[in-house]
Every structure is written in C-alpha cells, then in structure tokens.
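Beneath this line is the structure, given in structure tokens, with notes to follow.
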Ligand SMILES: [Zn+2]
C-alpha cells in the first residue's frame, strides 16, 4: 500500500481475472483490502447470475432429466423388472417425518445455521456467505478462522451430498 512502511506479509488476489497474482500487504492493509474485495465487481447482473448458476453445478453443464433428445422419461417405457424404482418410491412413502433432518445432518445443518428441509440453492448461498466471512484471508490469516472454515467445508459437503443423492428429499422443501 503506497505510503505504508509495514512489511507486506499477507497476500490478496489482484482481481477476479488474475486470482493467482497477488498484492502483498501488511496485516492492517490486507484486512482493508479484503473488506473491499468484491468478486462480482464490474459484472452485469446477467453475468453475476450466470456465475452463480455455474457455481451451483461446480462449473459443469447441467440439464433437467430427460431433456436430451427426449421430453420426459415415461415409466411405461422403462424396463424395471426388479421394481427398483417402485421400491424407492415405497421407501420414500415410509419416511416418518420430512421436517426432521436425517441424523447425520443435524450437526452440519447447525454449523451452517440452516433448518430442515432445505434446498441445494439455499445451502450453496449460505455456504458462500460463511466461506467469505470465515476465510483466513479475510481474517488476517487467523488459525481460528482456518479451523472454522474447515468445519464449514465439511458441513457443506455433507449436506450437499445428501441433497444431491436424494433429490426427493430435497424436493420436500
Ligand atoms: Zn500496510
């Protein structure tokens, strides 16, 4: 930072388009820089929207089931001699209480401050918010922030995996 005589021991990315190039700041100035950092700076609302959507699917293309060459999948045309899909439907019908989170998600949901049921979009947006707030770079390289971020990452992975592998459950919300 011009005029600053402190040692530049903390790095921060120069811009969205050069995330691997860094400015080096003293603690006080890296905090000020991070506080003013806005990844979406200079993007139009449409570009921000596109970025958020791409993030939701980890930058990979997605499409609704059945949209590739077929309007929808028809159960009549589906060969399912072992009635696997029927069994899955039965299992879902027996689910006792959709308002209660699966046992393994209780702690992760608490970490993320989310209630159940929830959706991938909600989880994703809460995660972005928490990851930004607790990122070590936004906390002067704090070890505590690093630990908090690790916990948040694990919680996010657990909830995201559950929602991705059990779409019916996600739809309950
Ligand atoms: Zn400084």
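Based solely on C-alpha atoms, express the radius of gyration and the Dmax of the stretch 1-55 in angstrom.
Rg then Dmax for the stretch 1-55, in Å: 13.8, 42.
Give me the one-decimal nm value for the distance between modelled label points at residue 120 and residue 106, 7 Å along each residue's Cα-to-Cβ direction.
2.8 nm
Label points 7 Å out from Cα along the Cβ direction at residue 37 and residue 54: separation in nm?
Each label point lies 7 Å from its Cα, and together they span 1.9 nm.
What does the convex hull of the Cα atoms of the stretch 98-173 come to per residue, in Å³, rounded to a whole number?
71 Å³
With each pseudo-label sitting 7 Å past Cα toward Cβ, what's the residue 78-residue 62 distance in nm, one decimal?
Taking the simple label geometry, residue 78 and residue 62 are separated by 2.0 nm.
Arranged by the count of other C-beta atoms within 10 angstrom, fewest first, what order do 25, 39 take?
The most exposed by this proxy come first: 39, 25.
May I ask you to derive the FRET efficiency for residue 99 and residue 9 from their Cβ-Cβ distance with R0 = 41 Å, giving the value to the nearest 0.05?
According to the calculation, E is roughly 0.25.
Take the Cα of residue 133, step 7 Å along the line toward its Cβ, and report every residue of the stretch 7-35 whose backbone nitrogen sits under 18 Å from that point.
Under 18 Å, as judged by backbone N against the label point of residue 133, lie 34-35 of the stretch 7-35.
Read-outs: derived from the displayed coordinates by stated rules, not from any lab. Being a predicted model, the structure only gives us computed values, none of them experimental. Backbone-built Cβ (ideal geometry, glycine too); neighbour counts: all protein chains shown.
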